[in-house]
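**Q** Take this structure first; my questions come after.
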Amino acid sequence: MTHTRPALLSLRDIVFCYPDAPPALDGVSIDLYRGERIAVLGNNGAGKSTFFLICNGILRPQSGSLSVDGQRLRYTKKELTDLRRRVGVVFQDADNQIIASTVESEVSFGPMNLRLPRVQVERLVDSALVQMDLEDYRSRAPQYLSGGEKKRVSIADILAMRPEIILFDEPTASLDPKNTALLEQTLAQLGDAGITLVVSTHDVDFAYRFANRAVVFSSGRIVADAEPAQVFADEAVIEEAGLKRPLLFDMARLLEPHHPGLASAAPKTLEEFARFL
């Protein structure tokens, strides 16, 4: 993909190994740009979660470099604080991210740690609560909310930091269909606001609907990085990464002989599929 603007975040030749294990990341290089919607795909153990932790500075690679706006990260305390403000992570299990006794204090935790003026913290918290439709939950204990509500709180946590990139680790895991649909709406709104969204998921149907770029990991390496339709059409990548194809993608290919142009149109929703037919 061709980009005219510099990358927000660049990884070059990243290698990271856990003790007594093969490399979790083995020479990973990638650029993330403003406003992208990226699906990160691959089996468990492929390196996706480690990739996220490197991007956020939680882990430091044994070799390779991480750059923000073209400036190489030196891993000073100041630079790491700035990186984690700009690159937020929403973890799969919201319970592991929530620490405060009320929703309001939870969402204010990040901005307060930045030592921002109280008025500014209040403004950031108010904005994040409005975005996540949590205004009526200010005084509620987040530990007792539903799974979908906790997920919204964990996203509000990150939004209050005014991030440029948000990394989502399996965001639809454990959510029922209603909350999954609400989450997809939220992601669309965040993407429309210009935030770069990077979503690790096993749900290829969701990835196909959501993403304009798909990055596939296998054994710690990136084996594909292209538009989703191009990735899912690549037999070698599908086999190496152990992926399945989205249902609508397969249906379009099966019906192509009877409806010329359907496969190339690549409908990503049932509504698009029905309009073409």
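The values are calculated or read from the model by the stated rules, or taken from the named source; none is laboratory data. Worth saying up front: this structure is predicted, and the values here are computed from it rather than measured. Note that each Cβ is placed from the backbone with ideal geometry, even for glycine, and that neighbours are counted across all protein chains shown. Note: areas computed on protein heavy atoms with side chains; ligands, DNA, RNA excluded. Shrake-Rupley method; radii C 1.70, N 1.55, O 1.52, S 1.80 Å.
**Q** Based on what the data block shows, is Ala46 hydrophobic (A, V, I, L, M, F, W, C), touching a helix residue (DSSP H, G or I) at 6+ places or on another chain (Cβ under 9 Å) and in a loop (DSSP other than H, G, I, E, B)?
**A** Yes; evaluated as a whole, the condition is true for this residue.
**Q** For the structure I just gave you, tell me whether Leu277 is open to solvent by less than 60 Å² (accessible area, probe 1.4 Å) and without any contact (Cβ under 8 Å) to a residue 40 or more places away in the chain.
**A** Against the criterion (open to solvent by less than 60 Å² (accessible area, probe 1.4 Å) and without any contact (Cβ under 8 Å) to a residue 40 or more places away in the chain), Leu277 does not qualify.
**Q** Still on this model: Might you let me know whether segment 142-156 holds any residue that is within 14 Å of the chain's Cα centre (by Cα) and under 23 Å from Val215 (Cα atoms)?
**A** yes
**Q** Which of the following residues is buried (at least 17 other Cβ atoms within 10 Å of the Cβ) and either part of a loop (DSSP other than H, G, I, E, B) or over 18 Å from the mean Cα position of the chain (by Cα) (or both): Gly57, Gly35?
**A** Gly57
**Q** Can you name the residue in segment 68-91 that is in contact (Cβ under 8 Å) with a residue 60 or more places away in the chain and in contact with a strand residue (DSSP E or B) (Cβ under 8 Å, 6 or more places away or on another chain) and is also farthest from Met112 (Cα to Cα) among such residues?
**A** Gly70
**Q** Could I ask something else about it? Restricting to segment 237-274, name every residue that is closer than 30 Å to Asn44 by Cα, in a helix (DSSP H, G or I) and open to solvent by 70 Å² or more (accessible area, probe 1.4 Å).
**A** Let us first name the residues in segment 237-274 that are closer than 30 Å to Asn44 by Cα, namely 237-254, 263, 266-270.
So of that shortlist, the ones also in a helix (DSSP H, G or I) come out as 237-241, 247-254, 263, 270.
Passing the criteria: Glu239, Glu240, Leu247, Arg253, Leu254, Leu270.
**Q** Evaluate segment 241-255: report whether one residue or more is closer than 30 Å to Pro6 by Cβ and touching a residue at least 60 places away in the same chain (Cβ under 8 Å).
**A** Within segment 241-255, one or more residues are closer than 30 Å to Pro6 by Cβ and touching a residue at least 60 places away in the same chain (Cβ under 8 Å).
**Q** Can you tell me which condition Val223 does not meet? The list is (1) part of a helix (DSSP H, G or I); (2) more than 24 Å from Arg86 (Cα to Cα), and all the others hold.
**A** (1)
**Q** Let me ask something else about it. When the residues of segment 102-125 are filtered to those that are part of a helix (DSSP H, G or I) and loosely packed, with under 14 Cβ neighbours inside 10 Å, which remaining residue is nearest to the chain's Cα centre (by Cα)? Before you say what the answer is, go through the steps one by one.
**A** We begin by selecting, within segment 102-125, every residue part of a helix (DSSP H, G or I); these are 103-113, 118-125.
Among the residues that remain, those that are also loosely packed, with under 14 Cβ neighbours inside 10 Å are: 113, 118-120.
On the way: Asn113: 23, Arg118: 30, Val119: 30, Gln120: 27 Å.
Across segment 102-125, the extreme among qualifying residues is Asn113.
**Q** Of a type in the set (Gly, Ala, Ser) and either part of a loop (DSSP other than H, G, I, E, B) or over 19 Å from Glu164 (Cα atoms) (or both): is that true of Ala128 in this structure?
**A** Here the answer is no, as Ala128 does not meet what is asked.
**Q** Looking only at segment 60-78, filter to residues that are buried (at least 16 other Cβ atoms within 10 Å of the Cβ) and not β-branched (Val, Ile, Thr); which one of those is nearest to Pro23 (Cα to Cα)?
**A** Among them, the one singled out is Pro61.
**Q** A further question on this structure: Select from segment 141-159 the residues that are touching a Ser or Thr at 6+ places or on another chain (Cβ under 7 Å) and part of a loop (DSSP other than H, G, I, E, B) and list them in ascending order.
**A** Across segment 141-159, the qualifying residue is only Ala141.
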